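Just below is one structure, and these are the notes that go with it.
The values are calculated or read from the model by the stated rules, or taken from the named source; none is laboratory data. Just so we're clear, the structure is a prediction, and the values are computed from it rather than from any experiment. FYI the Cβ positions are ideal-geometry reconstructions off the backbone, even for glycines, and counts take in every protein chain you see.
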């Protein structure tokens, strides 16, 4: 006579629990890896998007810099640094619509792999703008002097006038660089 089994043995139950535990832990590890990857991609995307917006703001700020008058008040100062340069300028391109706002005093610099931008409207018509974007190791600037025989230089000797153009070289912490050339006052001849 054969005996019919009515239930699982203890060994079969333990084996099923161990297999279920292994499958669950592998699935959890894969899920956690996917979540971690998604979070890293979101952080990278947010940082890239913020840097792109800040680069656009800086380009607009430079493009709409006040031209200044030789011997007049300071409108553009370039301060060369060891790891990064800093710039202070007066501009009308800080708030929308670009180029039609009141004059702003704007400074931007890099410290501790972070780009800092600080702008204050000269007439007090808006609150100050302060931005800090991580992921910029250095910012080097070269300026194009005015005139027929103008050349690119890393020094700006006359802060009472703005240069014709500014070349920004951005470097990230991994050493990758990107160049951006901004012509100052597009409607003005060099």
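Of the residues 56, 33, only one is over 17 Å from residue 110 (Cα atoms) and surrounded by 10 or more Cβ atoms within 10 Å (Cβ to Cβ); which? Spell out the reasoning first.
Numbers: 56 fails: over 17 Å from residue 110 (Cα atoms).
Unique residue meeting the criteria: 33.
Matching residues to (1) within 14 Å of residue 76 (Cα to Cα); (2) out of contact with any helix residue (DSSP H, G or I) (no Cβ under 9 Å at 6 or more places or on another chain); (3) assigned to a strand (DSSP E or B):
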| position | (1), (2), (3) |
| --- | --- |
| 123 | no, yes, no |
| 136 | no, no, no |
| 148 | no, yes, no |
| 157 | yes, yes, no |
| 168 | no, no, yes |
| 173 | no, yes, no |
| 181 | no, yes, yes |
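Which residue is nearest to the chain's Cα centre (by Cα), if the candidates are limited to region 75-97 and must be at pLDDT below 80 and within 16 Å of residue 162 (Cβ to Cβ)?
Of everything passing the filter in region 75-97, 94 is nearest to the chain's Cα centre (by Cα).
Say whether the condition of being at pLDDT 85 or above, within 20 Å of residue 69 (Cα to Cα) and either loosely packed, with under 12 Cβ neighbours inside 10 Å or more than 23 Å from the chain's Cα centre (by Cα) (or both) is met by at least one residue in region 134-144.
Yes, region 134-144 contains a residue that is at pLDDT 85 or above, within 20 Å of residue 69 (Cα to Cα) and either loosely packed, with under 12 Cβ neighbours inside 10 Å or more than 23 Å from the chain's Cα centre (by Cα) (or both).
Specify which of the listed residues (38, 43) is under 23 Å from the mean Cα position of the chain (by Cα), surrounded by fewer than 18 Cβ atoms within 10 Å (Cβ to Cβ), in a helix (DSSP H, G or I) and at pLDDT 90 or above.
Numbers: 43 fails: at pLDDT 90 or above.
Answer to the check: 38.
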